[in-house]
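The values are calculated or read from the model by the stated rules, or taken from the named source; none is laboratory data. These figures come from a predicted structure and were not determined experimentally. Please note: Cβ atoms are built from the backbone with ideal geometry, for glycine as well, and neighbour counts cover all protein chains shown.
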Amino acid sequence: MTKHIIKQENKKLKKKVGRFTKNTNIFLAGAVVGAFAFGAIQGLIRESRTKSDLETKVERVEDVNKYKGNKINYEYLYGMIKRYEGIRSKAYPDSRGILTVGVGFNLEKQGAKERIESLGLDYQAVCNKKQELSIGQIYTLMKEDVETAISDAKFYLGKDWHNLDSEAQEIIIDMSYNLGRDKLLDFKKLKEALRNRDYAEAAEEMRDSKWYSQTGFRAQELVLKMGNLD
């Protein structure tokens with residue numbers, strides 16, 4: 001597909017994304033203020049935020065700063081992942097039927113039981129929806145998964161990682177968070193396009209994948225963002 005056709009495809013998505021994003025941003029503005037000002041995520045987490053919960057959030061932001069060797073906007077990155085994944089204090093099946101909790105934390109993956117129990121939780125009770133996670137526990141899991149996603153994204157691109165625009169890096173980190181390292185490594189043509197800084201071709205390789213057809217709006221928006229990079 002030529003760059004001209006890709007741009008036409010992106011224009012079709014842009015109106016749809018614009019409407020969705022506007023409505024989503026209005027919703028998120030209220031949700032974020034509610035969550036962090038009053039310590040509750042409406043309909044999901046019904047508990048008061050303690051002083052330690054607030055300190056945990058601040059600690060997470062400070063921890064993120066250690067990655068600022070490159071140009072990524074980590075506050076935006078965390079917000080983007082939360083918007084796509086949602087935040088759930090109780091376990092639920094995701095779109096693929098995988099048991100999930102928090103911000104897209106896969107309860108079925110290797111090591112999940114140990115990580116849940118390290119937070120002082122009963123793994124089976126969490127899986128059976130009999131035990132909820134606190135805000136602090138959710139963000140602990142998310143922080144660890146973001147660190148893994150960053151590491152895997154850097155491994156995927158190797159020495160070419162630092163040649164990417166920061167927005168392209170954020171897109172690949174989000175894909176890494178969503179897919180995991182092994183599935184990200186399957187995107188060989190995408191990697192080649194990124195190494196050449198051909199973002200239009202990279203967007204097309206993202207579009208031409210099972211991930212794109214299965215992931216819905218998240219994939220559509222990421223493809224649009226990638227295709228609009230210079």
Residue among 131, 137 that alone is in a helix (DSSP H, G or I) and either within 22 Å of residue 82 (Cα to Cα) or modelled with pLDDT of 95 or more (or both): 137
Qualifying residue in the range 49-58 (condition: surrounded by 17 or more Cβ atoms within 10 Å (Cβ to Cβ) and either at pLDDT 50 or above or not in a helix (DSSP H, G or I) (or both)): yes
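Take residue 217 and decide whether it is surrounded by 20 or more Cβ atoms within 10 Å (Cβ to Cβ), touching a helix residue (DSSP H, G or I) at 6+ places or on another chain (Cβ under 9 Å) and of a type in the set (A, V, I, L, M, F, W, C).
The answer is no for residue 217.
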Which listed residue, of 114, 144, 108, is in a helix (DSSP H, G or I) and closer than 15 Å to residue 180 by Cβ: 144
Pairs where the first residue, in the range 206-221, is within 15 Å of residue 96 (Cβ to Cβ) and in contact (Cβ under 8 Å) with a residue 24 or more places away in the chain and the second is part of a helix (DSSP H, G or I) and among the hydrophobic types (A, V, I, L, M, F, W, C), C-beta under 8 Å, 6+ apart: 211/175; 211/179; 211/219
Residues being of a type outside the set (Asp, Glu) and either modelled with pLDDT under 95 or surrounded by fewer than 16 Cβ atoms within 10 Å (Cβ to Cβ) (or both) - total across the range 199-210: 1
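Would the range 71-84 turn up any residue that is among the charged types (D, E, K, R), under 21 Å from residue 180 (Cβ atoms), part of a loop (DSSP other than H, G, I, E, B) and in contact (Cβ under 8 Å) with a residue 12 or more places away in the chain?
Initial filter on the range 71-84 (among the charged types (D, E, K, R)): 71, 75, 82-83.
Narrowing further to those that are under 21 Å from residue 180 (Cβ atoms): 82-83.
Narrowing the set further to residues that are part of a loop (DSSP other than H, G, I, E, B) leaves none.
No, every residue in the range 71-84 fails to be among the charged types (D, E, K, R), under 21 Å from residue 180 (Cβ atoms), part of a loop (DSSP other than H, G, I, E, B) and in contact (Cβ under 8 Å) with a residue 12 or more places away in the chain.
Out of all the residues in the range 147-198, which are part of a loop (DSSP other than H, G, I, E, B) and surrounded by fewer than 17 Cβ atoms within 10 Å (Cβ to Cβ)?
Once the filter is applied, which keeps residues that are part of a loop (DSSP other than H, G, I, E, B) and surrounded by fewer than 17 Cβ atoms within 10 Å (Cβ to Cβ), the range 147-198 yields 165, 180, 185, 186, 196, 197, 198.
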